[in-house]
Amino acid sequence: MKRLLLFLAVATFSVSSVFAAAHIYKGNSTYTYDILYTYDGKHLYRGNSTYTYDILCTFDGRRIYKGNSTYTYDILYTYNGKHLYKGNSTYTYDILCTFNGNRIHKGNSTYTYDILFTYDGRHLYKGNSTYTYDILLTTDAPIPMPILMYAM
C-alpha cells in the first residue's frame, strides 16, 4: 500500500510538473505584470492567460500554426531542428533563421556577425551578447527556440 501511495504521489507530481505553464517576460523581469506570453508546451497565449481565445499559435514540434489550428493552410512556420522556414516550406530560400546551439542566426548563416539572438535557457539576449543590459526577454522555464522567435 505504501508503494502504491508513493507511486501515485510521484506520478501526480510528474504530471503536474509537465503541464506547468512557462512564462515569457519583458526584459529582465519576472514580475507578473511583465508577462508577455504563456507557453503550455503546445500553445502560446497572450499575457498570463491560458484561455482558448488568447491562443496566438500552436506548436506541434515541427510546425507553428496560427491560433488554435493544426490545419495545413494555417501553417505560419516550419521547423526542422536547425532552421525555421516561412510557411509550409523547407526550401533554402525560405529559411528565416538558423539555430546553432544557443545562438539564433539570420537566414541560413552561422557566421558570428549574423547572430540575431542568444538564448541561455532563461534569457534571450540581443545579438551575440550575454550582458544584462542586452536582455530582451526572460523565461521562467526553457522555451523552444521557434516559439521564442515567434514571440519576437
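Report the charge-dipole magnitude of the chain in Debye, nearest 20, computed about the Cα centre from +1 at each Lys and Arg Cβ and -1 at each Asp and Glu Cβ. Walk me through the intermediate numbers first.
Details: 14 positive and 10 negative charges, 61 e Å.
Value, rounded to 20: 300 debye.
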* **region 23-151: C-alpha pair distances exceeding 19 Å, %** => 49 percent
* Distance in nm between label sites at Tyr33 and Tyr73, each 7 Å beyond Cα in the beta-carbon direction? -> 4.3 nm
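Mind giving me the FRET efficiency for Lys42 and Tyr93? R0 is 22 Å, r the Cβ-Cβ distance, nearest 0.05 is fine.
Details: r = 29 Å, r/R0 = 1.34.
Calculated transfer efficiency: 0.15.
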* At q = 0.16, 0.18, 0.25 Å⁻¹, what is the log10 ratio I(q)/I(0) for region 106-152, with the Debye formula run over Cα points and no solvent? -> -0.41, -0.52, -0.95
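What dipole magnitude, in Debye to the nearest 20, does region 18-76 give about its Cα centre under +1 on Lys/Arg Cβ and -1 on Asp/Glu Cβ? It would help to have the intermediate numbers written out before the result.
On the way: 6 positive and 5 negative charges, 27 e Å.
Result for region 18-76 is approximately 140 debye, rounded to the nearest 20.
Bear in mind these aren't lab numbers, they're just calculated from the coordinates by the rules spelled out. In this text the structure is predicted, and so the values were computed from the model without any measurement. Please note: Cβ atoms are built from the backbone with ideal geometry, for glycine as well, and neighbour counts cover all protein chains shown.
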